[in-house]
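Following: one structure in structure tokens, then a few remarks.
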Amino acid sequence: MAEKITAIKGMNDVLPPQSAHWEWLEQQVREVMARFAYRNIRTPIVEPTGLFVRSLGEVTDVVEKEMYSFEDKLNGEALTLRPENTAGVVRAVVENNLLYEGGKRLYYMGPMFRHERPQRGRYRQFHQVGAEALGFAGAHVDAELILLAHSLWQQLGVRDVRLEINSLGQPDERKAHREALIRHFEAHADLLDEDGKRRLYSNPLRILDTKNPAMKPVVESAPRLLDFLGEASLQAFETLQAILRSNGVEFTINPRLVRGLDYYNLTVFEFITESLGAQGTICAGGRYDGLVEQVGGKPAPGVGWAMGVERVLELLKEQNLLPAIPVPDAYAVIPDMASLPVAMQAIQQLRMAGVSVQMHASATAEMGSFKSQFKKADGSGARYALVFGADEVAEGCVTVKSLRDGAGAQEKKPLAEIAQWANRLQSSD
């Protein structure tokens, strides 16, 4: 026997019946996106490495140590499996000149890849839903993106999710804050861990996002970016808060919220839950007005967020909000091979009428005993068994047997009238 090949650690199969929960969540996302008039975009999983180095920042954790990058043996191109998709969406918008006729509201769903130690809610291949609004300036669009995510939580019935917001201001404001941060951390260099010392001059803002509890005092006493914001940045932040309040969306201002990627400016935000332990951020984003120009387009504003699908599914499971696994409406029992042509014609008509029918099949060319087929029918979860025995087919009928009423009630139905009784078989009745 050949050696068994297994999946790469941290890259997981999504198998039935749990895959039905993924499909259900994706459908909820599509419904909410449609209500906000966001349209689907699908970009390649593999992008030029330079796209992420340029957009995310050379000294970010993602670029420094988490990207799956390789050289294309065909032509020597430097390629990377996408670690996030905002940069890819912006690249697609610029390359295809999508902003020529005005701004675009877009959303995506798909896998991302980061080389890190797998743990609950944090995998090497993980999946995200994202929403991006490109070509629109103003805090009202930032608020719209937050309301979009908030509406999704309402649609899903999710509880105990809190919203944190902050403003990173504009580049000149961040520059002044950066200089103040460096002076502060230089004065307390003995309190910095190795990661903090490494970032002191390359990206001191990221020190504020440390997860090291020993550094909490020096971080808490650091200069606040909000104190360096000018009038326009403060006004944008106030507008955002006013819109959220008017829509009943609760939030807290977290002056240490910075996000991990270099392209953000002004509004940043995170939706956080306490139900998933350390991996509590389930959706995060912000404004990135310089990114379009960074990837080669004409200057245009942008704002968006990304949601971790695995984490949201974990949260839904924790809160008992996942729907029941779907089952077929009916299971076709066909004990006589000679009945197959008639039975499969009737089954196909039922399927075309919207009835979910699972047909019995076995590992051999034979159909199996009547008893074994009924055992499979019961195990399928179907409400009814459709029996296409020799006697039924000879009479032009099928026996419809209830599998869930406890009494096993059954009656014969003429095959010629399938369209008239098909709806009764649907489990939604």
Restricting the range 210-222 to residues that are within 25 Å of Leu56 (Cβ to Cβ) and not in a helix (DSSP H, G or I), the one least open to solvent (accessible area, probe 1.4 Å) turns out to be Ala222
Only residues that are over 22 Å from Glu173 (Cα atoms) and either within 33 Å of the chain's Cα centre (by Cα) or of a type in the set (Val, Ile, Thr) (or both): list them for the range 215-232, please. Met215, Lys216
Cβ-Cβ below 6 Å, separation at least six or inter-chain, first residue in the range 144-168 and closer than 14 Å to Thr281 by Cβ, second assigned to a helix (DSSP H, G or I): which pairs? Val161/Trp153
Determine whether Glu314 is farther than 28 Å from Arg39 by Cα and among the charged types (D, E, K, R). no
Return the pair list, or none, for Cβ contacts closer than 7 Å from residues in the range 32-53 that are under 14 Å from Val89 (Cβ atoms) to residues that are basic (Lys, Arg) and not in a helix (DSSP H, G or I), at least 6 apart or on different chains. Tyr38/Arg105; Arg39/Arg105; Ile45/Arg82; Glu47/Arg82
Does Leu98 satisfy the condition of being open to solvent by less than 50 Å² (accessible area, probe 1.4 Å) and among the aliphatic types (A, V, I, L, M)? no
Go through the range 182-209 and report how many residues are within 24 Å of Leu56 (Cα to Cα), touching a residue at least 24 places away in the same chain (Cβ under 8 Å), open to solvent by 10 Å² or more (accessible area, probe 1.4 Å) and assigned to a helix (DSSP H, G or I). 5
Sort through Ala300, Ala306 and tell me the only one that's over 22 Å from the mean Cα position of the chain (by Cα), open to solvent by 10 Å² or more (accessible area, probe 1.4 Å) and modelled with pLDDT of 95 or more. Ala300
Only one of Gly103, Gly50, Gly88, Gly110 that is surrounded by 11 or more Cβ atoms within 10 Å (Cβ to Cβ) and within 15 Å of the chain's Cα centre (by Cα): Gly110
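Between Arg383, Arg424, Arg404, which is closer than 25 Å to Ile325 by Cβ and surrounded by 14 or more Cβ atoms within 10 Å (Cβ to Cβ)?
Among Arg383, Arg424, Arg404, only Arg383 is closer than 25 Å to Ile325 by Cβ and surrounded by 14 or more Cβ atoms within 10 Å (Cβ to Cβ).
The values are calculated or read from the model by the stated rules, or taken from the named source; none is laboratory data. All values reported here derive from a predicted model rather than from experimental measurement. Cβ coordinates were reconstructed from backbone atoms using ideal geometry, including for glycine residues, and neighbour counts include every protein chain displayed. For the accessible areas, the whole protein counts, side chains as well, though only heavy atoms, and no ligand, DNA or RNA atoms are used. Shrake-Rupley method; radii C 1.70, N 1.55, O 1.52, S 1.80 Å.
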